[in-house]
Every structure is written in C-alpha cells, then in structure tokens.
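In what follows, a structure is listed as structure tokens, so that the remarks can point back to it.
The values are calculated or read from the model by the stated rules, or taken from the named source; none is laboratory data. Computed from a predicted structure; not experimentally measured. Cβ sites come from the backbone with ideal geometry, for glycine too, and all protein chains shown count toward neighbours.
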Amino acid sequence: MSHSDAILVGVDGSVSSLHALDWAIAHASRSGQPITAVCSYSLPSFAAASLDGGYAALDDNAIQDGARSVLDDARERAARSGVTLTTELAAGDAAGVLVERSKDFSLAVVGTRGRGGFAERLLGTVSSALPAHGHCPTVVVPYRGSGDPDASVPTHPMKRVVVGVDGSPSAYGALHAAIHQANLWGAEIVAVAGVPVGSGAGMLAWLPAAIDHEQVLADVTDALNSIVDKAEAAHPGTVVRRIVLDGSGAELLTEFSEASDLLVVGSRGRGGFAGLLLGSTSQAVLHHSTCPVMVVNKHCEIPAD
C-alpha cells in the first residue's frame, strides 16, 4: 500500500474538529505537507422516510450546503497560515469515510472532546473507529477550549514526545512513529514502559512474595533498552530517553500527557466486533490524555525520516 505524503483531517463544523484542524495546520506548516479536509454527510433515516413533524424538510441539498460551508471555513483557516488545503465532500458515515480515505495519506487527524463513555467506546465514533481501523497513524486532538469557534486554542511547537513501549510489534511501530515526529520538531523523545508490580491492586500484585519485584523492573528495563537500541540504530543521531516505572501503562501515559506535547501509543487492532475497540491502554489514554495522542495500529505504514 502506498500513501501520499499528506495529512487527512476530518471536519464537521464542531469546535473540537476545528481545533483538530488547527493542530493539523500547525503540523503542515512545519512539515510542508498538504492537507485534505473531508466533511462527510448522510441523510438521516427519519428524513428519508418522510416522517411527520417536518423532518422531511431536512433534505439532501440542505445538508450538502451545510457541509460545504464547513469546508469553506476550513479552507479559509488554512489560507491564513499559508498552508495548502484541498477539500472533499463525501456521502456516508464519517468513520467509514475517513477509514477508507486514510489508505491514501501518511497521517490522519480528528478531534474529540474526550468525554468517553460506554457508547463511544463500543459503537465506534470517529475518534475511536479511525485510530482502530485507519491505514495510517491517527492523531486524536482533545479540545479543552471555551466553545467559541473563533477562539481556537493555540497550538504550540512540540518539545516533548512520549511513547508507550511494551514490547509488542504495534509498540515498536509506535516508537518509530514517535521518533519521526520528534525529529521533525527537534523535540525530546521519551520511551515509557510501565509494569504494575507494586503492592495493592496492580495486575501483578498476585505475585508471590518470593518474587523479586526489583528484578521484574530490571527485566522490563533490559527489554526496553533492547527495543530502543534497535530503533536508535535505525535512526542515526536519535537519542531516546528511557523510563521504566511501577504502574499501568495507561495511568503512566495519562500522567505524562500533562507535561508532553504528543503521546504515541500502539494498538493491536483486533478484527471483528472486538476491532471496534482499541486495546485497553490506547483506549484509556485517548479518553484521558490532556495532549494530542497518536495511535499506530497494525495497518499503519510508518513514514521514513
């Protein structure tokens, strides 16, 4: 599969999607990549069925006009920053459209208010479905602003990129994606591995007392060093800071998000119904992080430096 070196952004007119667009514009200003903004629409079933109560008046033309207005706003926003942006109007479910279009891009960006909840995790809204099924790395940008579309939250240059590493193939892909982002911005890169070996409710708290918890941490440190050493060798001149801590990956990465500009996580991307859900770590980080999160799943191709 061949991706163009371009950024895909999903916009729907919400303040959170405009904030994601601003993040993509800042990234494009740094990388020189063009942006394609996609706004999808679908005619609600109640309108198509011509139910009583005036719903039938919500016709296809009116919805298309609204979507075009969203794209016009995106084009003006990019023009103010001197970024090349093209627009696409697509019929269909937003998540499905963006997953399919992601085959042709090197990065996808969407916004979320980060409220989470059972329905969002299970039913696969855009901010959950695209990271799980997209064909390129997806950045989910949480919105923490005022709700005024003209008062967008400033996007700052990246100074610290943090990546979660657990030894899985998806985490190795996430590490390479994080290095790519850090090199693009001249940012510090930190690889974090967490293992809950302490006392209490940690996943490994059932270990017998005879087990040396310090040795467990040492073994995890050795594994992390082995993975990072290989990644550094593949990216000459790159230096990755390594941190191993007692705790779950989701909790640690969420904490790190408060002092980071980008979190990068991998996702195993299981198929079938389970594939609607990301792995527990990436799902939790997406819904609780205070900074943008990049998810690299098994379908992704990672751009070379």
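Structural remarks
- Remark: pairs (first residue in segment 57-82, polar (S, T, N, Q); second residue at pLDDT 90 or above; Cβ separation under 7 Å; 6+ apart in sequence or on different chains) = Q64/L89; S81/I25; S81/S29.
- Only listed residue being modelled with pLDDT of 85 or more, aliphatic (A, V, I, L, M) and either in the same structural domain as A182 (by the TED database) or exposed (fewer than 13 other Cβ atoms within 10 Å of the Cβ) (or both), chosen from V163, V109, V70: V163
- Subset tally (residues that are in a helix (DSSP H, G or I) and either free of Cβ contacts under 8 Å to residues at least 60 places away in the same chain or under 18 Å from C136 (Cβ atoms) (or both)) for segment 26-40: 5
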